[in-house]
Amino acid sequence: MLLKTGVFGGTFDPVHIGHLAVAERVYCDLGLDRIVFVPASTSPFKLGEVSTSGEHRLTMLKLAVRDNSHFAVSDIELQRGGTSYTVDTMEILKDRYPGDEFYFIMGMDSFLELSGWKGVERLVELSQLVVVSRPGYELPQEQKQLLTLPPAVWQRTHFLEMPGLDIAATEIRERVKKGRSVRYLLTPEVETYIHENGIYR
Ligand code: ATP
């Protein structure tokens, strides 16, 4: 059966309700069959930054999506190790599920950096893109050419406006470190997991 699969890549350090709301919105508005969250081993844009172990990030994702039957988590990038390039991941997924139609999901902040990604032209052959609004990041309407993206990108990208949730993992990590509350920014299971394992302290 042909499935419309949304693929949501990121560091997810940790996964927060901003991510979950984005995924649910894309699932619903684009009529997808499922959303697969793919935590990166090492993001090309976060080289040199210490991130939480893949095992913790994967576990938090699994806890966060557990009660949603159309959400799943894949450890494909963690298993592969090294720097995680989305185009390589999509190549493998397309190979494994040749009949599926893929939609790669990202926030506007990521889209604004897309011209620096490896294999963008190939990426949009393998999947369509879904770009979701994110507070503080705007597409420069008048000067789109400043983004220097191949024309195929614009043909294969859906822009989706949604009520902004100005939540970032960076801020959550900082708050935990300072002992401040992060309640309601995460699912309760993820919050408990962070506290029980002393992550971000
Ligand atoms: P960090 O603060 O550590 O950079 P983050 O909160 O941006 O983390 P990532 O794991 O880097 O989370 O993001 C994964 C994807 O989710 C990216 O494409 C990012 O644009 C998108 N995203 C994250 N948070 C939001 C949000 N609040 N609204 C819209 N998109 C988001």
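The values are calculated or read from the model by the stated rules, or taken from the named source; none is laboratory data. This structure is a prediction, so every number in the text was calculated from the model and none was measured. Backbone-built Cβ (ideal geometry, glycine too); neighbour counts: all protein chains shown.
So residue 115 fits all but one of (1) buried (at least 16 other Cβ atoms within 10 Å of the Cβ); (2) hydroxyl-bearing (Ser, Thr, Tyr); (3) farther than 26 Å from residue 60 by Cα; what number is the exception?
Condition (1) is where residue 115 drops out.
Would you mention how many residues in the range 14-67 are closer than 24 Å to residue 191 by Cα, among the β-branched types (Val, Ile, Thr) and out of contact with any Lys or Arg (no Cβ under 9 Å at 6 or more places or on another chain)?
Within the range 14-67, residues that are closer than 24 Å to residue 191 by Cα, among the β-branched types (Val, Ile, Thr) and out of contact with any Lys or Arg (no Cβ under 9 Å at 6 or more places or on another chain) number 8.
What single numbered condition from (1) modelled with pLDDT under 95; (2) more than 24 Å from residue 82 (Cβ to Cβ); (3) crowded, with 19+ Cβ neighbours inside 10 Å; (4) not basic (Lys, Arg) fails to hold for residue 26?
(1)
For the range 59-76, give me the residue count where each residue is within 19 Å of residue 22 (Cβ to Cβ) and touching a residue at least 12 places away in the same chain (Cβ under 8 Å).
So the answer is 12.
Any chance the range 125-140 includes a residue that's away from the ligand (no atom under 16 Å from the Cβ), in a helix (DSSP H, G or I) and not β-branched (Val, Ile, Thr)?
yes
For residue 110, work out the one condition from (1) surrounded by 18 or more Cβ atoms within 10 Å (Cβ to Cβ); (2) within 14 Å of the ligand (Cβ to nearest atom); (3) not in a helix (DSSP H, G or I) it doesn't fulfil.
Just one mismatch for residue 110, condition (3).
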